[in-house]
Amino acid sequence: MSDLQEAPPKLPKTLSPRNLTIGLISLTLIPFFFVVLLYVTLPPNKDPELDVALEIAPRPWSSNDGSQTRLLPSLIVRNPTQDHWKNVNFAINKQFYYYHADPMQPNEELIVPLKFFHTKGNQFYPPESQPLKLLTVYAQIPSGARAIKDFDGEKITSPE
């Protein structure tokens with residue numbers, strides 16, 4: 001056989017434009033449908049409800065140097081359970097936040113002046129001009145789950 005009679009080299013297989021389009025659309029839609037399937041079939045996982053006692057009442061608050069004491073509207077929170085709580089957070093109207101870094105012991109009471117709550121932009125909560133509509137308490141319980149309790153602001157503003 002001479003060089004002229006040899007078969008031409010085989011070209012690699014390629015996709016036609018139609019098959020390429022179908023393949024790219026499939027690569028996009030299959031993961032999307034998988035996520036939708038998971039969302040529809042998995043049951044919702046609700047956070048446990050936190051057993052917490054609280055009220056809003058005026059409490060004395062001393063300045064850092066102890067020279068002045070003022071009466072401030074404050075949030076009084078008590079852990080009525082026998083569990084230790086970690087990462088205790090509070091939210092007023094889902095806008096103003098307060099984080100308590102120390103764990104709360106069983107039957108411990110925590111007093112936080114409402115003026116200590118602030119936004120993520122560090123604007124402080126003005127209790128005299130903005131009504132408290134919703135108070136949310138978050139805490140990590142011993143199981144490691146985050147427990148949540150929402151309170152209607154009108155129901156907690158007066159002591160029980």
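The values are calculated or read from the model by the stated rules, or taken from the named source; none is laboratory data. Fair warning: this is a prediction, and the values are worked out from it, not measured in the lab. Counting neighbours? That spans all protein chains shown, and the Cβs are built from the backbone with ideal geometry, glycine included. Just the protein is used for accessible areas: all its heavy atoms, side chains included, with ligands, DNA and RNA removed. Shrake-Rupley method; radii C 1.70, N 1.55, O 1.52, S 1.80 Å.
What is the magnitude of the charge dipole of the chain about its Cα centre, with +1 placed on the Cβ of each Lys and Arg, -1 on the Cβ of each Asp and Glu, and no other charges, expressed in debye to the nearest 20?
520
Lys133: which aspartates and glutamates have alpha carbons under 16 Å from its alpha carbon, excluding same-chain residues fewer than 8 sequence positions away?
Glu55, Asp150, Asp152, Glu154
Starting from the amide H of Thr81, placed 1.01 Å from N in the peptide plane, find each other amide H under 5 Å away whose residue is 5 or more places distant or on another chain.
When sequence neighbours closer than 5 places are left aside, the close amide H contacts are Asn107.
P(r) of the chain in 5 Å steps, Cα pairs, percent per bin?
Binned Cα distances yield the sequence 1, 7, 12, 14, 12, 9, 6, 5, 4, 4, 4, 4, 3, 3, 2, 2, 2, 2, 1, 1, 1, 0.
First compute the accessible area of the range 1-154 with a 1.4 Å probe, then give the percent of it belonging to carbon and sulfur atoms.
On the range 1-154, the fraction of accessible area on carbon and sulfur atoms equals 58 percent.
Taking H placed 1.01 Å from N in the peptide plane, check which residues at least 5 places from Val52 or on another chain put their amide H under 5 Å from its amide H.
Answer set, sorted by chain and number: none.
With everything on Cα atoms, drop me the angle between helix 17-41 and the longest principal axis of the chain, reported from 0 to 90° to the nearest 10.
Result, in degrees: 30.
Trypsin sites (Lys or Arg not before Pro) within the range 112-152: which are DSSP loop residues with at most 16 other Cβ atoms inside 10 Å?
Lys120, Lys133
What number comes out for accessible area per residue over the range 37-160 if the probe is 1.4 Å? Units Å², please.
Per residue, the range 37-160 has 65 Å² of solvent-accessible surface.
Hey, can you grab everything whose amide H is under 5 Å from the amide H of Phe117? Only 5+ residues off in sequence or another chain; H modelled, so Pro and N-termini drop out.
Under 5 Å from the amide H of Phe117 lie the amide H atoms of Tyr125, each far enough along the sequence or on another chain.
Pairs Lys115/Lys149; Lys86/Lys155; Lys86/Lys120; Lys120/Lys155: which are spaced more than 24 Å apart, C-alpha to C-alpha?
Lys86/Lys155; Lys120/Lys155
So, counting K/R as plus one and D/E as minus one, what does the shell of residues with Cβ under 13 Å around Asn107 add up to?
The answer is -3.
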